[in-house]
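The values are calculated or read from the model by the stated rules, or taken from the named source; none is laboratory data. Computed from a predicted model, the values in this text were never measured in an experiment. Note that each Cβ is placed from the backbone with ideal geometry, even for glycine, and that neighbours are counted across all protein chains shown.
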Amino acid sequence: MKTLLRAALAAITLVSPLALASVQAADPIKIGSVLSATGPAAFLGDPEVKTLQLYVEKLNAAGGLLGRKIELVTYDDGSDAAKANGFAKRLIEDDKVDVILGGTTTGATMGMVPLVEKAEIPFISLAGAVVIVEPVKKWVFKTPHTDRMAAEKIFADMKKRGLTKLALLSETSGFGQSGRKETLASAAKAGIEIVADETYGPKDTDVTAQLTKIKGVAGVQAILVFGLGQGPAIVTKNIAQLGITLPHYESHGVASEEYIKLSGSAAEGVRLPAAALIVADSLPASDPQKPVVTGYAKAYSEKFKSEVSTFGGHAYDALMIYADAVKRAGTTDKAKVRDAIEATKGFVGTGGVVNMSATDHMGLDLSAFRMLEIKGGKWTLVD
């Protein structure tokens, strides 16, 4: 009996590490996100949440990652950037996620950055401001084009139209403030003169006072509104109400059908730089993004019975960049996955072709931006 007992104990000793490894291998890969599913930034955050849910479901149906299922843990900050830090802390300390995707807005993202850097966890933001990745932060990446790129693309289009004098109206949100800073810093080099510089609050319901000032500025040739969420739609309607007919530019912070719906006929003729996703059908067959953006647009619209937006595309790109990095790393070890994300090359996403490096944690250049114009309530491709 004693001999049998010793043999049994020896067998347990030998098997236990294998059994433990099997249990660990079966543990889900936990992807955390903090997004603005409700509140003023909901038309950005809602498609982001839906996209993550849709594609986590698709990845799991295909066997998950490294043979492990993916578990998505999401929190809604209600478009309140101040709440993002607390949710990020919960994801790191309580949920023990392997990666964080999100921060719908720049404010929410920057509120989470100190926590992810301290915890040493990969973080891929879905927000636009260049401050997220400049200076480079070891654990922080982003998928959308930057506000600086938006300004440069707009300036190039203005020059083509013979316009050099610009009125800037920016939101006092994190994205708007960064956009204002980058626009002012880039203008002179592009040969653009900023002849008016006004701001509005993200919760303002009327911006006619600022627009009346702009209307009275001598020589102004165009208006650029730098904001996101519902604010730019209010500005757009106010512009029409005041009878201002100047060429009107918006940033990529409004690249959604929701902006057109909220603005109505006042959006006619508005131009903005955006990813190819929202004009997927207009892309030539030779465009490397064509299969990706048309595939995503089809899957999203069939699932949710609504039009795609570039914001959902940012979430798709973040998830797929992470998935690709995990496959290349062959592990979910945070440091190895971080290195793999940084080594991403030639990744074709909805936002463009991504080539990251130790000095570039976004990996997009200006060619990834398309200049669009709203005609007849639809996005059309200018270039």
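In the set (1) surrounded by 17 or more Cβ atoms within 10 Å (Cβ to Cβ); (2) in contact with a Gly (Cβ under 9 Å, 6 or more places away or on another chain); (3) in contact (Cβ under 8 Å) with a residue 40 or more places away in the chain; (4) over 27 Å from PRO28 (Cα atoms), the condition left unmet by ASP317 is number (4). The sole residue among SER309, SER357, SER286, SER367 that is without any contact (Cβ under 8 Å) to a residue 60 or more places away in the chain and within 25 Å of SER251 (Cβ to Cβ) is SER367. Yes or no: the range 337-350 includes at least one residue that is surrounded by 13 or more Cβ atoms within 10 Å (Cβ to Cβ), over 19 Å from the mean Cα position of the chain (by Cα) and more than 25 Å from PRO28 (Cα to Cα). Taking every residue of the range 337-350 in turn, none turns out to be surrounded by 13 or more Cβ atoms within 10 Å (Cβ to Cβ), over 19 Å from the mean Cα position of the chain (by Cα) and more than 25 Å from PRO28 (Cα to Cα). Restricted to the range 257-284, and to residues there that are surrounded by 23 or more Cβ atoms within 10 Å (Cβ to Cβ) and hydroxyl-bearing (Ser, Thr, Tyr), the residue that is farthest from TYR300 (Cα to Cα) is SER263. Condition (residue is more than 20 Å from SER173 (Cβ to Cβ) and surrounded by fewer than 18 Cβ atoms within 10 Å (Cβ to Cβ)) applied to the range 221-237: is it met by at least one residue? Yes, that holds for at least one residue.
Out of THR294, THR332, one residue alone is in a loop (DSSP other than H, G, I, E, B) and of a type in the set (S, T, N, Q). It is THR332. Number of residues in the range 276-291 that are among the small types (Gly, Ala, Ser) and either part of a helix (DSSP H, G or I) or assigned by TED's automatic domain parsing to the domain that holds GLU257 (or both) equals 3.
Quick check on the range 61-84. Is at least one of its residues over 22 Å from VAL116 (Cβ atoms), modelled with pLDDT of 95 or more and either in a helix (DSSP H, G or I) or β-branched (Val, Ile, Thr) (or both)? Yes, there is a match, as at least one residue in the range 61-84 is over 22 Å from VAL116 (Cβ atoms), modelled with pLDDT of 95 or more and either in a helix (DSSP H, G or I) or β-branched (Val, Ile, Thr) (or both). Of all the listed residues (GLU134, GLU117), the sole one being without any contact (Cβ under 8 Å) to a residue 24 or more places away in the chain, over 19 Å from the mean Cα position of the chain (by Cα) and not assigned by TED's automatic domain parsing to the domain that holds ILE214 is GLU117.
Quick grid of which residues meet (1) surrounded by fewer than 24 Cβ atoms within 10 Å (Cβ to Cβ); (2) at pLDDT 95 or above; (3) touching a Gly at 6+ places or on another chain (Cβ under 7 Å):
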| position | (1), (2), (3) |
| --- | --- |
| TRP139 | yes, yes, no |
| ILE154 | no, yes, no |
| THR164 | yes, yes, yes |
| SER170 | no, yes, yes |
| ARG180 | no, yes, no |
